[in-house]
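Computed from the coordinates by the stated procedures, all read-outs in this text should not be read as laboratory data. Source: prediction; values computed, not measured. So basically every Cβ, Gly included, is an ideal-geometry build from the backbone, and we count neighbours across all protein chains shown.
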Amino acid sequence: MKTSLPLWQRCRSLVCEQVWPKLCQLWNNPQDSWMDWVSVGNSVVIVTLTATALVVVLRELGWTESLELLIYDELTQWRAIAELDDRLLIVGVTEEDIQAQQRYPLSDETIYELLQKLEAHEPRVIGLDIYRDIPQNPGREELMAYLQGEDNRTVTVCQLSRGEDDIGVPPPPEVPNSHLGFADVVIDEDGVIRRSLLWGKPFPSSQCQVKQAFSLQLTRHYLRDENIDARTSEGTLMLGSVPLERLQPNTGGYQGVDAEGYQILLKYHSPDRVAPKVTLTDVLQENVDPSWIRDRIILIGVTAPSLNDFFYTPYSGGQETNHQMAGVEIHAQMISQLLNAALDGQPLMSTWSDRVEILWILGWAAVGAVLSWKIPRPLGLSGSLAIAVLGLAGCSWGFFQASVWVPLFSPVLGLFISSGGVLGYRSYQTEKVQQQMARRVKQQEEDLRLLQTFLEAQTQAQNSTQLEPSENTKALTQTDIDAEEDCTQIAPENPEEWTQPMSLLGGRYHITKVLGAGGFGQTYLAQDIQRPRHPICVIKHLRPVQTEGNFFQVAQRLFKTEAEILEILGEHDRIPQLFAYFEEYQEFYLVEEYIEGSSLSDEVGEDRRLEVERVIELMLDLLQVLTFVHQYQVIHRDIKPSNIIRRQSDRRLCLIDFGAVKQFSPQLDEETERFTVAIGTKGYAAPEQLMGQPRLCSDIYSVGMIAIHALTGITPQKLRQDWSSGSAVWHHLVEDKVSVELMDVLDKMVAYHFRDRYPSAVEAIEALKTIHQ
């Protein structure tokens, strides 16, 4: 007869037999089965979490920092050495230079002579990494007059104070802050420079009250001609659109490091030569190729070992000699890093967030735990762990090559701690089993003795009975634990920009047609409803990329400058007049005169040739306008047929679309011009303009190419170039119609090198008038 069991016993039986036998074992005998259940189900998880927590604590205490930094140095040494950065030139003051000058510090006269000789070859900016706070006569007055000028190209240094009672090293007196930078470098506790301080906060007691680093100042001066500047956006320093990731106290292998100011990781260029080097004597004796100086950043600093301006770098440990690097070369490394990021798109050294690094450590700790649990044999486990370490090192090296510093020692430590933890736990389990077996053996012996005593008490007439110990063992079954991961997704803040619908721009301009997109964004035709008969005008609309912070302030300033230029240029009767400019909803608008007529591209086209006289008149017309434009040192930079309108009223040629003009500062001499960003149309734009270095004669080149297009009926892009001179080959197409004199004039207008062209529109006009007479 089957007995009915209570409900709770039936439930337990169902669970034990069909759902989770190991849980039933724990239920029946919790003291003996708890550790077995843990080992089967959760030992790997528990050991992994414990190892990760331990490593994180050790990291927070700073115990892993020194080894992580040593690994960082090794990875830096393994990285391929980059080519010399030809945007820089280092002028080193060597022991031989000091002997030649017979003194140190160098005299102000020597420094002034050095700067003047460099200036003669048109560098973009000069960095003087030599303190000039104390007069070193002779030549003090001349040097100070030069350094105090707003138009000089030189940035000098001072030194921040290191505490409330330290005054630092002051800069030369009355030098503008725009030409000053602090020369301080950040040295780790082991004496190695791995960080770059870009922005600092001077102590009130410091006589050096400069906030920007020497390297950042030089970089800003160099990038200014590329229309790139440093700005802050939501607490992040930006070089144009490139963010410079700020180093935090806990960044990569650093834990609790002093991250005062704005610091970034220094991505070294090479161990010994970041840029070409020359000596002070080489420059003074003019033994340097001028092309090494022109348009470069020139760094002047001490490289003489006796002056002890040397520092340890990540390369020091791997060098057999020259374990230290000169301070001026450290600054060159910093500048090269910033230029590579801003101009070449090379990533700066970055790190993961603390959360991601902890997950990285957790993952490798889990690998160690699983390997130790699955591979009990010591030899097999050792080989597996070695492969895991090599894989981890390979991953770290791959990330480092991609400019991401990933911790290596911490995950290796987690890997071995978790592996050792599981091994220890397995040893514990083995010992526990042995202890259990010993208890069982002891119990068996006691039972045997007890039986013997019992048997002796029995009468011999009774049949002896044999007690056979039996042991019910249950197979150890691994349980599956479903781990529920609580993931919280944080949505990035991306508020939509609110724009109020507008019926009229500026309360008076009604848009009638969208002409297209250009340098200013969109261009419209509009009617001015506040003027009689609602005349048509052209509106250029600029939408800034960002509408807050320094970017917007710079955009406002540039917009205002642009409007001021257009207003001046509009005084010429063949350049559109500027009617108004305004800002609305943080967007900018320029209102210009609408010139009614037809584009010159309707006259100059494919297989359409103009008469020689007509082409000469066309060039004279355009060059006359350029004479007016160039007197303000303004370069149009996009002269092409579609930007030339033949006005309907008088059939004169008008030059439009000055949306990308730039106004230059007064020149130091006739050959010196500042460089601007590359804007133009291929074929009509001069070679130097396409390289981002337009000059006044670049516009003359464009007029000459339009003339050649009009004479040949072939667009400039389709003309063959002479392999030796780089100039267009076109004479054979018009030999029967164009005189040799006109060919010579046009060849000079479109010469490949700007020095071979007419230096001004006036001279080109005179040459054409000689032919036209």
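Structure values in brief
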quantity	calculated
Three-way shape call for the stretch 82-350 based on the alpha-carbon gyration tensor, with the a/c threshold at 1.5	rounded
Rounded FRET efficiency, nearest 0.05, which uses the C-beta distance separating residue 150 from residue 205 and R0 of 30 Å	0.55
Extension reserve of the residue 632-residue 61 stretch, reckoned as 0.36 nm per residue once the Cα distance is removed	199.2 nm
In nm, spacing of pseudo-spin labels at residue 42 and residue 556 (7 Å Cα→C-beta vector)	6.1
Residue 511-residue 142 FRET efficiency (beta carbon distance; Förster radius 60 Å; 0.05 resolution)	0.55
Potential lengthening between residue 248 and residue 533 on full extension [0.36 nm per residue; Cα-Cα distance subtracted]	96.3 nm
Amide proton proximity set for residue 302, modelled H, under 5 Å, gap of 5+	93, 328
Length added when fully stretched, residue 102-residue 285, from 0.36 nm per residue minus Cα-Cα	64.2 nm
Calculated FRET value between residue 729 and residue 690, using beta carbons and R₀ = 22 Å, to 0.05	0.70
Label point distance in nm, residue 232-residue 78, each placed 7 Å from Cα along Cα→Cβ	3.8
Separation in nanometres of the label points that stand 7 Å from Cα toward Cβ, at residue 344 and residue 435	6.4
Cross-link table 640/748; 640/737; 201/560; 640/718, entries beyond 22 Å C-alpha to C-alpha	640/737; 201/560
